[in-house]
C-alpha cells in the first residue's frame with residue numbers, strides 16, 4: 001500500500017477539546033463534513049458510536065482507532081485527533097487516549113479498509129513516531145511525521 | 001554482486017504473483033512441447049501406416065490389384081472394434097466434444113492410459129484409410145497430456161483445466177503446423193468463445209511451444225501444395241455467393257449426419273462402433289472405383305489444386321466424400337471433422353468456380369477452392385476465426401485473407417442462423433448440457449434444500465475477530481455471522497480475514513461485525529442454479545440458506561458441482577449407455 005498521506009489531509013487533523021470519547025468522536029468526525037469522503041456524517045457518527053459501545057477501540061499506549069464501514073462513505077480516509085489532556089476511552093490498558101485515528105471506509109472497500117488499518121497500526125506501533133505525533137504542535141508537524149514514517 | 005543477487009532473490013521470493021506467473025509460463029511451455037511431441041508421434045504413426053498400407057502404393061510396388069487392397073479399411077475397422085471392445089471405458093470418451101466436456105464439467109485429470117488408447121486407436125482408424133481428420137484425436141491427446149502433466153505436478157483442478165485446454169490447442173497447432181489457428185481453436189471450440197477465461201495465456205504459450213516442436217520435426221513443409229492463384233477483389237459478389245453455398249453444404253452435411261445418427265441408433269442403439277465393419281465393406285467397394293476418397297484427404301486436396309480432375313469426377317468425389325465422412329463420423333470412429341471439412345471445401349470451391357465457367361464467368365478455381373476450404377471449415381465446425389487463420393497459415397499468403405474472411409464468416413452465420421447454435425453447442429445440448437447457460441439449465445430443477453448441510457458454525461457479530469479466527473481454523477467452510485437474536489448478518493470466511501492477518505494488532509482491534517461480508521442468502525425455495533449464480537457473483541464457496549431471518553442450513557459450491565456432474569452422468573448413461581459419446 002502506498003503512503004498513509006494519500007488517505008488523509010491537513011484538513012482532517014484536529015487538536016481535540018472533548019474529554020469524553022463519544023464527544024471526541026463527534027468532534028473528529030466533523031472534519032469530514034462538506035468533503036467528498038462522507039455524505040451522511042450523522043449516520044457515520046452513529047455507526048462509530050455503536051461500534052464503540054460493543055468493544056472499545058482504545059488499544060492502549062494512548063491510542064484509539066475508531067472505525068466504520070458505511071454505504072455513505074464514498075472515499076476511504078482517516079482523520080487524526082490529538083488530545084493533550086487525554087480522553088477516557090475505556091482503553092484496554094486503562095490509560096487516557098492522546099491520539100485518535102478515525103477511519104472511514106465504504107461498505108465494499110473491505111480489502112482497502114483492512115490494508116489501511118494494518119498500515120496505521122504498524123506506524124503507530126513505533127514508540128518514537130507515536131510520541132512525536134502526540135507532542136506535535138501543528139497539523140503541519142503531523143503531516144511531516146507521516147511523510148517520514150515508513 | 002552479492003547485493004544484486006540478494007535483490008533478485010528477494011524479488012522472486014517475496015513476489016508470489018510473479019512466481020506464479022513464471023511457473024505458469026514454464027508449465028505452459030512444457031505442456032506445449034509435450035502436446036507437440038504427442039502430435040508428432042501421432043502424425044508419424046498415421047503417415048507410416050498410410051505409406052505402408054496405402055492401396056495405391058501396394059498396387060504400384062507389389063503388383064497387387066488396387067481392389068484387393070481396398071480391404072485395408074476393413075482390417076482397420078476390425079482392429080478399431082476390437083480395441084473398443086477391449087477398453088470400453090477409454091473408448092467411450094471420444095473426440096473434441098469429450099475434451100469440451102472434460103473442461104466444462106471439470107472431469108479432470110484425464111487418465112494417461114486413455115490418452116495412449118486414443119493415440120493408438122486413432123492412428124489405426126486414420127492410418128487404415130477412414131476419411132476423417134486427425135484434429136479430434138490430436139486435441140484429445142494434447143488435452144490428455146496437459147491433464148496428465150498437471151496431475152504429476154499436483155496442481156489443483158482449476159489449473160489442471162487451464163493446462164488441459166492449453167494441451168488441446170497446442171496439439172492442434174502442432175498437427176496443422178499452425179500456431180495461431182491452434183490458439184483460436186482453443187478459444188472457439190474448447191473454451192466456447194470465453195475470451196475472459198484464465199486459460200488463454202497458457203493456451204497461447206503452449207501453442208507456440210508445440211509449433212516449435214512441430215517445425216523442428218516437420219520443417220517448414222506445408223501440408224498442402226498451393227499453386228499460384230489470383231485474388232480479384234471485384235469478384236466480391238462471387239465470394240459472397242460461394243460463402244452462402246458453403247453454409248448450405250455444411251447444413252446439408254449436418255442434416256445428413258443427423259439422419260445417419262438416428263438410423264445408427266435405431267439399428268445398434270448403444271453400440272454404433274460395430275457399424276464400422278459393414279461400413280468399411282461399403283467403403284471398400286467405393287474405393288475399388290474411386291481410390292481418391294481413401295484417407296484423410298490431403299492427397300486429394302493437392303490433386304484438386306493441381307487441376308488433375310475433370311468437373312464430373314469432382315462432383316462424384318464431393319458426393320462420395322460427404323456421404324462417407326458422415327457415415328464414418330456418426331459411428332463414433334476415432335477422427336475429427338477439420339481435415340474432412342478442408343477437403344469438402346476445396347471440392348465445393350473448385351466446382352463452384354469451374355461450373356460458373358460454363359456460364360461464361362471466368363474465375364480462378366484455386367482461389368475459390370481455398371475460399372471454400374475456409375468457408376466449409378467455419379460452417380461445419382463453427383470456428384470462423386480459426387478457419388480464417390488456418391487457411392492463412394496453410395497458404396502463407398495474405399492475399400487470401402479477405403475472401404476467406406468473407407467465406408468463413410458468412411458460411412458460419414448461415415449455419416448458426418439456421419441452427420440457432422454452433423455444432424458443438426447443439427451436440428452437447430442433445431446430451432442435456434446447455435453450454436449457453438453453462439450449468440444453470442440442469443440445476444434449475446434441483447432444490448437447494450436437497451443438497452443443504454446442517455453442520456455450520458455461527459458467531460456473534462460482536463465477537464472479537466480473534467475468537468472468529470479460532471473457529472474458522474476448525475470450520476470446514478466459513479462462519480455465519482448473527483446478531484444477538486440469532487438473526488442473519490452475513491458471512492465470514494478466510495477470504496475476509498486474510499488481510500487482517502497481516503497485522504496482529506489489527507486482529508486485536510477488530511470485531512466480526514467490522515469485516516462481515518454482507519451476502520444475500522438463499523431461501524429454502526431457491527434452486528441450486530440460483531445459489532450457484534449468487535456464489536459466482538460474490539466469489540464465495542458457500543451460501544447460507546435462511547428461513548425468515550434465521551439460518552437453517554448452508555449449501556457448498558462443491559456440493560452443487562458434484563450434484564451437477566452426477567446428473568450429467570445419469571443423463572449420459574440413460575441416453576448413450578455404455579458408449580457414452
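The values are calculated or read from the model by the stated rules, or taken from the named source; none is laboratory data. Quick caveat, the model's predicted, so the values are computed rather than measured. FYI the Cβ positions are ideal-geometry reconstructions off the backbone, even for glycines, and counts take in every protein chain you see.
Run down A:42, A:140, A:111 and say which single residue is closer than 25 Å to residue B:460 by Cα, assigned to a helix (DSSP H, G or I) and more than 15 Å from the chain's Cα centre (by Cα).
Values: A:42 fails: closer than 25 Å to residue B:460 by Cα; A:140 fails: closer than 25 Å to residue B:460 by Cα.
A:111 is the lone residue from the list that is closer than 25 Å to residue B:460 by Cα, assigned to a helix (DSSP H, G or I) and more than 15 Å from the chain's Cα centre (by Cα).
What do you reckon, is residue A:91 touching a strand residue (DSSP E or B) at 6+ places or on another chain (Cβ under 8 Å), away from every other protein chain (no Cβ under 14 Å), assigned to a loop (DSSP other than H, G, I, E, B) and surrounded by 14 or more Cβ atoms within 10 Å (Cβ to Cβ)?
Working: touching a strand residue (DSSP E or B) at 6+ places or on another chain (Cβ under 8 Å): yes; away from every other protein chain (no Cβ under 14 Å): no; assigned to a loop (DSSP other than H, G, I, E, B): yes; surrounded by 14 or more Cβ atoms within 10 Å (Cβ to Cβ): yes.
Criteria not met by residue A:91.
Could you figure out which of (1) over 18 Å from residue B:134 (Cα atoms); (2) under 25 Å from the mean Cα position of the chain (by Cα); (3) at pLDDT below 90; (4) assigned to a helix (DSSP H, G or I) isn't true of residue B:266?
All conditions pass for residue B:266, except number (2).
Let me spell it out: the conditions are (1) surrounded by fewer than 18 Cβ atoms within 10 Å (Cβ to Cβ); (2) more than 9 Å from chain B (Cβ to nearest Cβ), and residue A:52 meets all of them except one. Which number is the exception?
It is condition (1) that residue A:52 fails.
How many residues, within the stretch B:498-541, are part of a helix (DSSP H, G or I) and surrounded by 14 or more Cβ atoms within 10 Å (Cβ to Cβ)? Can you show your working first?
To start, the set of residues in the stretch B:498-541 that are part of a helix (DSSP H, G or I) comprises B:498, B:500-502, B:504-509, B:512-515, B:528-538.
Right, trim to surrounded by 14 or more Cβ atoms within 10 Å (Cβ to Cβ) and you get B:500-502, B:505-509, B:512-515, B:528-535, B:538.
The qualifying residues number 21.
Every residue in the stretch A:94-109 that is within 14 Å of chain B (Cβ to nearest Cβ), over 18 Å from residue A:11 (Cα atoms) and crowded, with 20+ Cβ neighbours inside 10 Å, please.
The answer is A:97, and nothing else.
Quick check on the stretch B:532-539. Is at least one of its residues within 14 Å of chain A (Cβ to nearest Cβ), closer than 27 Å to residue A:111 by Cα and either modelled with pLDDT of 85 or more or out of contact with any helix residue (DSSP H, G or I) (no Cβ under 9 Å at 6 or more places or on another chain) (or both)?
If we filter the stretch B:532-539 for residues that are within 14 Å of chain A (Cβ to nearest Cβ), which is where we start, we get B:537-539.
Of the ones still in play, those that are also closer than 27 Å to residue A:111 by Cα are B:537-539.
Next, only the ones that are either modelled with pLDDT of 85 or more or out of contact with any helix residue (DSSP H, G or I) (no Cβ under 9 Å at 6 or more places or on another chain) (or both) stay: B:537-538.
Yes, because at least one residue in the stretch B:532-539 is within 14 Å of chain A (Cβ to nearest Cβ), closer than 27 Å to residue A:111 by Cα and either modelled with pLDDT of 85 or more or out of contact with any helix residue (DSSP H, G or I) (no Cβ under 9 Å at 6 or more places or on another chain) (or both).
Across the stretch B:496-530, what is the total count of residues that are within 9 Å of chain A (Cβ to nearest Cβ) and in contact with a strand residue (DSSP E or B) (Cβ under 9 Å, 6 or more places away or on another chain)?
11
In this structure, is residue B:472 within 28 Å of residue A:57 (Cβ to Cβ), surrounded by 19 or more Cβ atoms within 10 Å (Cβ to Cβ), at pLDDT below 85 and more than 12 Å from chain A (Cβ to nearest Cβ)?
On the way: within 28 Å of residue A:57 (Cβ to Cβ): yes; surrounded by 19 or more Cβ atoms within 10 Å (Cβ to Cβ): yes; at pLDDT below 85: yes; more than 12 Å from chain A (Cβ to nearest Cβ): yes.
Yes, satisfied.
Go through (1) farther than 23 Å from residue A:145 by Cβ; (2) away from every other protein chain (no Cβ under 14 Å); (3) over 14 Å from the mean Cα position of the chain (by Cα) for residue A:71 and report which single condition fails.
For residue A:71, the failing item is (2).
Identify the residue in the stretch A:128-142 that is in contact (Cβ under 8 Å) with a residue 24 or more places away in the chain and closer than 23 Å to residue B:505 by Cβ and, among all such residues, is nearest to the other protein chains (Cβ to nearest Cβ).
Initially, the stretch A:128-142 is screened for residues in contact (Cβ under 8 Å) with a residue 24 or more places away in the chain, giving A:130, A:133-134, A:136, A:139-140, A:142.
Subsequent filtering for residues that are closer than 23 Å to residue B:505 by Cβ retains A:130, A:133-134, A:136, A:142.
On the way: A:130: 12, A:133: 16, A:134: 18, A:136: 22, A:142: 20 Å.
Here the answer is A:130.
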